[in-house]
């Protein structure tokens with residue numbers, strides 16, 4: 001990822017917003033996007049199913065990228081692994097396990113940049129790194145590579161970590177990739193119990209950004225757009241650019257509660273998912289054909305740049321999205 005001189009970066013973080021030409025200057029290289037996705041969605045990852053050897057390989061790669069980004073472990077952690085156990089359908093910390101319990105063990109991969117002036121206020125960037133593993137062969141291919149779902153989102157989290165390491169935030173920023181999303185959101189459910197939701201100012205969950213949205217290029221949609229002013233803040237920060245965030249065009253799919261933002265959103269956090277998937281007609285979704293070759297690397301790069309710029313006023317404490325109304329789990 002290449003960045004412009006620090007004077008321009010400083011102006012951006014100070015809240016000065018630039019037209020479309022500046023957005024294009026904040027360069028995210030499609031080749032770097034391709035490098036990361038190609039590793040995560042390689043056949044050697046065997047579809048990254050939870051509890052599989054493939055997801056362990058994916059974790060090691062993400063950890064290596066977090067080290068390159070010079071992220072710190074979360075408070076109290078020794079490394080980037082947030083370990084926990086599942087006993088039946090119950091999630092437990094390792095130190096709470098009883099001798100007679102038989103736990104299959106999981107972990108999220110998480111790191112952070114400590115805020116310079118508001119270290120106890122958190123902004124989260126997240127995606128899930130698991131997928132659905134080995135499936136019934138189709139023309140000899142049995143690996144559901146999960147390139148769009150959600151290697152594209154994990155790639156965004158990694159590159160955003162590198163971006164904000166060079167554009168230091170006022171609030172603490174956590175970068176986390178969740179396990180177990182495809183099995184019921186286990187990773188995000190455990191993660192959500194480890195922080196005080198009142199201290200989480202916003203969550204940018206990123207899911208399936210590998211292709212153009214139904215609105216065309218330079219666009220993405222935000223689930224639960226109407227539930228807080230999160231989306232309005234992001235769009236205001238892109239004023240003068242050609243990029244646009246839209247409300248979720250698939251309300252019947254209930255995507256707001258189908259991804260890793262859901263647990264924190266139920267606790268009142270302005271936690272939303274950013275996506276471009278045309279979920280109503282994506283024939284590659286959860287199939288062995290969700291391959292790297294089906295993705296648009298430039299589109300992904302453009303979305304990462306837009307997220308980085310639009311998040312600026314939130315990570316630096318100028319804006320705080322309104323809270324989501326707390327609802328009982330359905």
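The values are calculated or read from the model by the stated rules, or taken from the named source; none is laboratory data. Just so it is clear, the model here is predicted, and its values are computed rather than measured. Glycine also receives a Cβ, built like all others from the backbone with ideal geometry; neighbour counts cover every protein chain displayed.
From the list 146, 216, 187, which residue is touching a residue at least 60 places away in the same chain (Cβ under 8 Å) and on the phi > 0 side of the Ramachandran plot? Every option except 146 fails the conditions. Exactly one residue out of 40, 11, 71, 60 is touching a strand residue (DSSP E or B) at 6+ places or on another chain (Cβ under 7 Å) and either closer than 22 Å to residue 175 by Cβ or at pLDDT below 95 (or both): that is 71. All of 196, 229 fail the test of being under 24 Å from residue 318 (Cβ atoms), free of Cβ contacts under 8 Å to residues at least 12 places away in the same chain and surrounded by fewer than 24 Cβ atoms within 10 Å (Cβ to Cβ), apart from 196. Scanning the stretch 137-153 for residues that are out of contact with any helix residue (DSSP H, G or I) (no Cβ under 6 Å at 6 or more places or on another chain) and part of a strand (DSSP E or B) yields 137, 138, 141, 142. Among the residues in the stretch 121-136, are any without any contact (Cβ under 8 Å) to a residue 12 or more places away in the chain, assigned to a loop (DSSP other than H, G, I, E, B) and on the phi > 0 side of the Ramachandran plot? No, every residue in the stretch 121-136 fails to be without any contact (Cβ under 8 Å) to a residue 12 or more places away in the chain, assigned to a loop (DSSP other than H, G, I, E, B) and on the phi > 0 side of the Ramachandran plot. Take the conditions (1) at pLDDT below 95; (2) farther than 15 Å from residue 157 by Cβ; (3) surrounded by 21 or more Cβ atoms within 10 Å (Cβ to Cβ); residue 45 misses just one of them, which is (1).
Does residue 278 qualify as being within 29 Å of residue 67 (Cα to Cα) and surrounded by fewer than 24 Cβ atoms within 10 Å (Cβ to Cβ)? Spelling it out, it is not the case that residue 278 is within 29 Å of residue 67 (Cα to Cα) and surrounded by fewer than 24 Cβ atoms within 10 Å (Cβ to Cβ). Of all residues in the stretch 200-224, those that are in contact with a helix residue (DSSP H, G or I) (Cβ under 7 Å, 6 or more places away or on another chain) and surrounded by fewer than 18 Cβ atoms within 10 Å (Cβ to Cβ) total 3.
Would you pick out the residues in the stretch 86-110 that are surrounded by 13 or more Cβ atoms within 10 Å (Cβ to Cβ), under 17 Å from residue 49 (Cα atoms) and at pLDDT 90 or above?
106, 107, 108, 109
When each of 277, 320, 273 is tested for being in contact with a strand residue (DSSP E or B) (Cβ under 6 Å, 6 or more places away or on another chain) and assigned to a loop (DSSP other than H, G, I, E, B), the lone residue that passes is 320. Can you find even one residue in the stretch 268-275 that is modelled with pLDDT of 95 or more, surrounded by 15 or more Cβ atoms within 10 Å (Cβ to Cβ) and more than 26 Å from residue 75 (Cα to Cα)? For the stretch 268-275, residues modelled with pLDDT of 95 or more, surrounded by 15 or more Cβ atoms within 10 Å (Cβ to Cβ) and more than 26 Å from residue 75 (Cα to Cα): present.
Taking (1) part of a loop (DSSP other than H, G, I, E, B); (2) out of contact with any helix residue (DSSP H, G or I) (no Cβ under 6 Å at 6 or more places or on another chain) in turn, residue 303 satisfies each apart from (1).
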